[in-house]
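One structure below.
Since every read-out is calculated from the coordinates, none of them should be taken as a lab result. What you see is a predicted model, and the numbers here were worked out from it, not measured in a lab. Cβ atoms come from the backbone with ideal geometry, glycine included; neighbour counts cover every protein chain shown.
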Amino acid sequence: MGHATAQDAGIIDNGSLVRRWITYIVGIYVLTLGVSLAIRAGIGVSPQSSLTRTMTLIFPGVSQGTFNFALEILMLILAFLVMPKGFKWRNLLSLIPSAILAFLLDVNLSLTEWVMPEPYLAKLALLLFADALLALGLFMMIRANLVLMPIDLFVNTLHLKTGRKWGNLKTIFDCCLLITSAGIGLLFLGAPQFIREGTILNAIFVGQYIKLYTWIFMKLSGRRAVAADRDTVVEAERSADSPS
């Protein structure tokens, strides 16, 4: 899940916990559908997906969701090792949404097996649509404001430990995942896998899509607030005109 910053404050939902959990889980589903379609586009995926997808080629009997969950566990361990005194045991709860994500990722990969676009423009269009879904899922998870996934928790721990900007650390982390993915692909498969132009497009467009969703949400929220204020004024005027 993306890291909530001051810029996200306007979209955070601090209301009903049930509603927020529903939003969070639906967000996970939309995100994993986006990841699955990005894989089916076949022109490159995100650094995290590149690594876990590459591992499924080396160990074909293990699902990508399983490797994704294993990566999340590793990140949780690293977060503890980086700053053991700052580690809170409630951080272990992040494994619950991680397990849900792993399950839904495998489900969506199974449901999208039939998606095999051939023309390059179709692959590109599918990737851009997939990134839009992925970003929407992230947006919903950020809005729910519940639990940081272990990978984001690890980056956040580095941020607290070093004082460096969260975004810069996330970029470095993603580059490390790409290098690891490329190295494993080169060593075991003869060439890096799933790292193509789509990987760069993913890095560019997901952030831009989230900005777009945030802008749309803020616009709609502003209109709802104006409408609510207008209704309040009308009701007050009616009350004032009514005989006592």
- Query: What's the angle, to the nearest 10 degrees (0 to 90), between helix 64-82's Cα axis and the longest principal axis of the chain?
  - Reply: 80
- Query: Placing +1 at every Lys and Arg Cβ and -1 at every Asp and Glu Cβ, with all other atoms neutral, what dipole size does region 22-125 have around its Cα centre, in debye to the nearest 20?
  - Reply: 360
- Item | Label-point gap, in nm, between Arg19 and Leu81 - each point 7 angstrom along Cα→Cβ | 4.2
- Quick shape check on region 6-241: root eigenvalues a ≥ b ≥ c of the Cα gyration tensor, a/c under 1.5 is rounded, otherwise prolate if a/b tops b/c, else oblate, and it reads prolate
- Note on the structure: Counting Lys and Arg as +1 and Asp and Glu as -1 over every other residue whose Cβ sits under 10 Å from the Cβ of Gln64, the net charge comes to 0
- Of Ala132, Met83, Val115, which is farthest along the charge dipole of region 56-170 in the positive direction, counting Lys and Arg as +1 and Asp and Glu as -1 at C-beta? Met83
- Task: Please state the charge dipole magnitude for the chain, taken about the Cα centre, from unit charges on C-beta atoms (+1 on K and R, -1 on D and E), reported in debye and rounded to the nearest 20.
- Result: 560
- Item | Relative contact order [Cα under 8 Å, 6+ residues apart], region 6-241, whole percent | 36
- Message: Angle check, please: helix 17-41 long axis (alpha carbons) against the longest principal axis of the chain (alpha carbons), in degrees 0 to 90, nearest 10.
- Response: 40
- Item | GNM flexibility winner over the chain from Leu189, Leu158, Leu105 (Cα, springs under 10 Å) | Leu189
- Could you tell me which chymotrypsin sites (Phe, Trp or Tyr not before Pro) in region 67-134 are loop residues by DSSP with no more than 15 other beta carbons within 10 angstrom of their beta carbon? Trp114
- Message: Here is the link list: Lys161/Lys219; Lys88/Lys165; Lys123/Lys219; Lys123/Lys165; Lys88/Lys170. Which ones come out longer than 27 Å on Cα distance?
- Response: Lys161/Lys219; Lys123/Lys219; Lys123/Lys165
- Item | Residue exposure sequence - Asp174, Asp131, Asp13 - by fewest surrounding Cβ within 10 Å | Asp13, Asp174, Asp131
- Query: Any idea how far the Cα center of region 189-225 sits from the one of region 87-103, in Å?
  - Reply: 24
- Could you tell me which of Ile100, Ser49, Gly167 has its Cα farthest along the dipole of region 6-241 towards the positive end, charges placed at Cβ (Lys, Arg +1; Asp, Glu -1), taken about the Cα centre? Gly167
- Query: How far, in degrees from 0 to 90, does helix 95-111 lean away from the longest principal axis of the Cα atoms of the chain, to the nearest 10?
  - Reply: 70
- May I ask you to sort Ser46, Ser221, Ser63, Ser36 by Cβ crowding, counting other Cβ atoms within 10 Å and putting the fewest first? Ser221, Ser63, Ser46, Ser36
- Query: If you take the square roots of the eigenvalues of the alpha-carbon gyration tensor of region 17-85 and sort them as a ≥ b ≥ c, do you get rounded (a/c under 1.5), prolate (a/b over b/c) or oblate?
  - Reply: oblate
- Query: Quick one: if you take sqrt(5λ) for each eigenvalue of the C-alpha gyration tensor of region 67-182, what semi-axes come out, biggest first, whole angstrom?
  - Reply: 29, 17, 14
- Each residue of region 173-183 in order: what ³J(HN,Hα) in whole Hz does its phi give by Karplus 6.51 cos²θ - 1.76 cosθ + 1.60, θ = phi - 60°, with x for Gly and Pro? 4, 4, 5, 5, 5, 5, 5, 5, 4, 5, x
